[in-house]
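Heads up, the thing below is written out as structure tokens.
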Amino acid sequence: MLFPESLMRIWLYSQPTDMRKSYDGLSVLVKQKLQEDPLSGQCFVFINRKRTQMKVLYFDRSGYCIWAKRLEQGLFHFNTKSGTKYLLSWTDLKLIIEGIDTASIRQFKRYKRQ
């Protein structure tokens, strides 16, 4: 995955997703459920019911891209608050991919440019 880290908006769809969906099916989910534009260049993260598979859909300048990961052991952990979508930071996505529960991490205050 090659993204400009600080510029990329990453949205996590918190509802279980059928991993048989590909470009068209995931882009429809982005439009209908997340109410975002799949052509916007943002990343959209989908995880299956068992939390063992993940797909990331994004659109670069020439077309859709999908990055997929299937775990052989363990689960993807993420905060499940109320709602269907969450804005993630690049760091949050990396932690979820690495198997670190973002709910149990304490993050100290840092400067963030508006």
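The values are calculated or read from the model by the stated rules, or taken from the named source; none is laboratory data. Here the structure is a predicted model, which is why all the values come from computation and not from measurement. Here Cβ is always computed from backbone atoms with ideal geometry, including for glycine, and neighbour counts include all displayed protein chains. Accessible surface is based on the protein model in full, side chains and every heavy atom, while ligands, DNA and RNA are left aside. Shrake-Rupley method; radii C 1.70, N 1.55, O 1.52, S 1.80 Å.
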Exercise for review: Within the stretch 90-104, track down each residue that is open to solvent by less than 50 Å² (accessible area, probe 1.4 Å), in a helix (DSSP H, G or I) and farther than 24 Å from Q35 by Cα.
Suggested key: L95, I97, T102
Exercise for review: Could you identify the single residue in L87, L75, L39 that is touching a residue at least 60 places away in the same chain (Cβ under 8 Å) and open to solvent by 70 Å² or more (accessible area, probe 1.4 Å)?
Suggested key: L87
Check your understanding: Are any of the residues in the stretch 55-65 open to solvent by less than 70 Å² (accessible area, probe 1.4 Å), acidic (D, E) and within 22 Å of M19 (Cα to Cα)?
Key -> yes
Review point. So how many residues does the stretch 1-37 have that are at pLDDT below 95, small (G, A, S) and not in a loop (DSSP other than H, G, I, E, B)?
Key: 0
Review point. Looking at the stretch 16-31, which of its residues are out of contact with any Lys or Arg (no Cβ under 9 Å at 6 or more places or on another chain) and among the charged types (D, E, K, R)?
Key: R20, D24, K31
Review point. Condition test on S14, is it of a type outside the set (D, E, K, R), open to solvent by less than 40 Å² (accessible area, probe 1.4 Å) and touching a residue at least 60 places away in the same chain (Cβ under 8 Å)?
Key: yes
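What tally of residues in the stretch 42-67 results from selecting those that are aliphatic (A, V, I, L, M) and without any contact (Cβ under 8 Å) to a residue 40 or more places away in the chain?
Of the residues in the stretch 42-67, the ones aliphatic (A, V, I, L, M) are 45, 47, 54, 56-57, 66.
Pick out the ones that are also without any contact (Cβ under 8 Å) to a residue 40 or more places away in the chain and you get 47, 57.
Residues flagged as aliphatic (A, V, I, L, M) and without any contact (Cβ under 8 Å) to a residue 40 or more places away in the chain within the stretch 42-67 amount to 2.
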